[in-house]
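The values are calculated or read from the model by the stated rules, or taken from the named source; none is laboratory data. A quick note: this is a predicted structure, and the numbers were derived from the prediction, not measured. With ideal geometry, Cβ positions are generated from the backbone for all residues, glycine too; neighbour counts draw on all protein chains shown.
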């Protein structure tokens with residue numbers, strides 16, 4: 001899904017972004033935990049092998065150490081024989097010598113986890129790409145990366161390297177979050193002092209709740225993959241990658257069609273997204289008694305954008321309760337089928353209500369009351385001596 005599609009969904013169905021952010025947060029953590037366990041198991045196995053070789057033969061041969069270093073550095077290509085270590089070393093540069101020292105000594109094992117949640121996000125975003133020579137082949141999926149780490153053919157980049165590729169850091173995220181919080185503070189202060197706020201500011205405040213939640217879940221997520229990391233080892237997995245599968249996997253309930261497979265991360269993400277959706281719609285309902293020309297239309301639309309997520313949350317909890325009490329077969333007929341039948345109508349109605357609210361917001365800019373331009377009296381608001 002491209003940035004335009006995500007932007008449209010964020011405008012019309014903002015709960016989608018919350019569910020997407022939380023689901024990615026959970027999946028990135030699972031990926032990091034799996035890859036870190038594989039990496040640590042590999043390090044422990046290598047340490048044991050080095051100990052056995054040292055005890056049995058005095059020391060490990062230089063060729064063995066160089067061969068291991070070449071595997072880690074990714075210089076072996078398809079068809080390259082490991083017994084040609086001497087010829088390879090004759091063609092390498094000073095970088096290879098420094099890289100060999102870094103890789104073939106215990107210093108290459110960093111303190112702390114090698115694979116973090118940032119790496120998990122990087123995998124989900126397609127940060128690793130399979131190359132053959134200088135030609136890109138395909139992006140590596142989660143299964144591909146797991147296979148390469150399991151076979152000791154992929155070293156993780158540092159978080160600094162990933163963030164440098166994405167050109168984003170905690171400073172830019174922190175500044176954006178502070179700007180959002182300052183806007184909310186001004187809205188609250190105006191309400192306390194009895195100053196009016198416009199419908200445009202109210203809707204913006206509603207969207208800031210979505211933005212804050214997304215920032216929390218995406219705090220460790222790279223801004224983007226400007227240049228993916230090249231990988232030259234073919235994974236032993238089937239190439240069944242579907243770039244849009246994750247986006248299409250966002251459903252109202254995390255249950256498969258047979259009613260037997262339950263994706264609890266999806267259930268949790270969707271439940272949280274629907275709960276935030278109720279808050280999002282409730283902020284629109286605060287203008288219930290405002291005097292504006294299209295108040296009835298505003299009430300109907302804000303009621304829809306509040307009621308539909310609330311109804312979805314109740315229905316989702318109902319399905320989870322059925323699963324927990326043991327009525328799994330009933331989920332298919334009492335939860336999945338009704339959702340499948342009504343989802344298109346419900347989503348269409350919700351999107352129409354969102355479009356109506358956005359239209360009313362734009363129309364309200366033509367008739368702004370004079371008190372809107374009055375600034376907050378912070379001296380009167382903040383206690384002082």
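Condition check: assigned to a loop (DSSP other than H, G, I, E, B), more than 17 Å from residue 10 (Cα to Cα), within 22 Å of the chain's Cα centre (by Cα) and at pLDDT below 90. Does residue 265 satisfy that? No; evaluated as a whole, the condition is false for this residue. For region 279-311, what are the residues that are crowded, with 20+ Cβ neighbours inside 10 Å and within 22 Å of residue 25 (Cα to Cα)? Those that are crowded, with 20+ Cβ neighbours inside 10 Å and within 22 Å of residue 25 (Cα to Cα): 280, 309.
Restricting attention to region 1-59, the residues that are modelled with pLDDT of 85 or more, under 18 Å from residue 224 (Cα atoms) and surrounded by fewer than 16 Cβ atoms within 10 Å (Cβ to Cβ) add up to 0. Within region 170-195, residues that are farther than 17 Å from residue 375 by Cα have Cβ atoms under 6 Å from residues that are surrounded by fewer than 11 Cβ atoms within 10 Å (Cβ to Cβ) and at pLDDT below 90 in no pair, counting only partners at least 6 apart in sequence or on another chain. Of the helices (runs of 4 or more DSSP H) contained entirely in region 94-206, those carrying at least 2 residues that are in contact with a helix residue (DSSP H, G or I) (Cβ under 8 Å, 6 or more places away or on another chain) and modelled with pLDDT of 90 or more fall at 117-124, 142-150, 170-192.
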